[in-house]
Amino acid sequence: MRTYARRPPRSAWGCAMLAGLCLMSFACSRDSCAPTPAAQPSKEAATSSRAQPPADPAAVSGTVRFRGVAPAARRLRMSADPYCEKANPGGVKRRDVIAAGDGGLANVFVFIKSGVQGTYAPPAEQVRIDQHNCNYVPVVSGAMVGQPVAIHNSDATLHNVHAMPRLSRGFNAAMPRRGMTIVRKFTAPEVLIRIKCDVHPWMETFVGVTTNPFYAVTGQDGRFSISGLPPGDYVVAAVHPKLGQTESRVSLLPGAHRSLDLEFVKP
Ligand SMILES: [Cu+2]
């Protein structure tokens, strides 16, 4: 099982500064989720709502599957940039929907859409996204509100990183040299934020930004695992950059390890 889940250090549990953002819940359409602002909490309320590590944490894990006919692979035309063409001898075929033989779907952002109580501080650990051989790696990642997102250029060519969030401030940064890194933070929860390259139109990556650490990204087998959860009733949502969203409810008792499978159907 391979996920890209990121967890904050234990010392990061609880936050007051992010209380206003953390108390938002999500309202989702097919393609994206936007937070529904809650009433402004008082300072006392913010302090009292800090989440504590659960004594007997629960977990939910399973597989996201795709059922249907996946779109055909597209051949990427990189001839506009000789560096990219040389870095990908023979060309590249892009598959927007990557499903294993049993339907396991890669690159799905799975998160707790509602039901999480209290506030969580973002970890200091950077989420890393690389530009390598004229593609973004990984395709989907996750970050908490306020967590540093480092975007690196491993290529000896110009990339232009263009982030297009709806709820945070966007950015548009030229990265002309190999070895450059920019670090940015998103200030509001949003699933998913698209980041593209203005030089190479095939380059795009997606970041799911949440107010808590309970998320994961499916690997090639479609598996995900979210652990460390307090007991509660949750809505678990899965968002794929091209297929939209699906969700399911799950109730977790203390220490429970529940299995949950999610499915995208495309006739
Ligand atoms: Cu580029």
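Nothing in this text is a laboratory measurement; each read-out follows from the coordinates by a stated rule. Given the structure is predicted, the values throughout are model-derived calculations rather than measurements. Don't worry about glycine lacking a Cβ; one is built from the backbone with ideal geometry, like all the others, and counts go over all protein chains shown.
The Cα atoms of the range 45-129 give a gyration tensor whose axes a ≥ b ≥ c have a/c of 1.5 or more with a/b no greater than b/c, which makes the shape oblate. Using the Stokes-Einstein relation with a Kirkwood hydrodynamic radius computed over Cα pairs, the translational diffusion coefficient of the range 108-267 at 25 °C and a viscosity of 0.890 mPa s comes to 147 µm²/s. For Leu192, the residues whose amide H sits under 5 Å from its own are Cys33, ignoring neighbours fewer than 5 places away on the same chain, with H placed 1.01 Å from N.
Quick check on my link table: of Lys86/Lys113; Lys113/Lys185; Lys185/Lys242; Lys185/Lys266; Lys113/Lys266, which ones sit more than 31 Å apart, alpha carbon to alpha carbon? Write down the numbers at each step before the final one.
Details: Lys86/Lys113 42 Å; Lys113/Lys185 21 Å; Lys185/Lys242 24 Å; Lys185/Lys266 34 Å; Lys113/Lys266 23 Å.
The pairs that break the limit, which is 31 Å between Cα atoms, are Lys86/Lys113; Lys185/Lys266.
Placing unit charges on the Cβ atoms only, positive for Lys and Arg and negative for Asp and Glu, gives the range 37-194 a dipole magnitude near 480 debye about its Cα centre.
In this structure the amide hydrogen of Ser114, modeled in the peptide plane, comes within under 5 Å of the amide hydrogens of Val235, none closer than 5 places in sequence on its chain.
For the pair Lys242 and Arg194 in one chain, pulling the backbone fully straight at 0.36 nm per residue adds 16.1 nm over the alpha carbon distance.
Coupling constants for the range 58-64 follow from the phi torsions by the Karplus curve (6.51 cos²θ - 1.76 cosθ + 1.60, θ = phi - 60°), and in residue order they are 9, 8, 9, 8, x, 10, 9 Hz; glycine and proline get x. Amide H to amide H, with H built 1.01 Å from N, Tyr136 comes under 5 Å of Glu204, counting only residues 5 or more places away or on other chains. Neighbour counting of Cβ atoms within 10 Å sorts the residues His257, His200, fewest neighbours leading, into His257, His200.
Would you please give the FRET efficiency between Ser154 and Ala124, computed as 1/(1 + (r/R0)^6) with r the Cβ-Cβ distance and R0 = 25 Å, to the nearest 0.05? Spell out each step's value before the answer.
Working: r = 23 Å, r/R0 = 0.93.
It comes out at approximately 0.60.
To the nearest 0.05, how large is the calculated FRET efficiency for Asp102 and Arg77 if R₀ is 45 Å and r is the Cβ-Cβ distance? E(calc), rounded to 0.05, equals 0.85.
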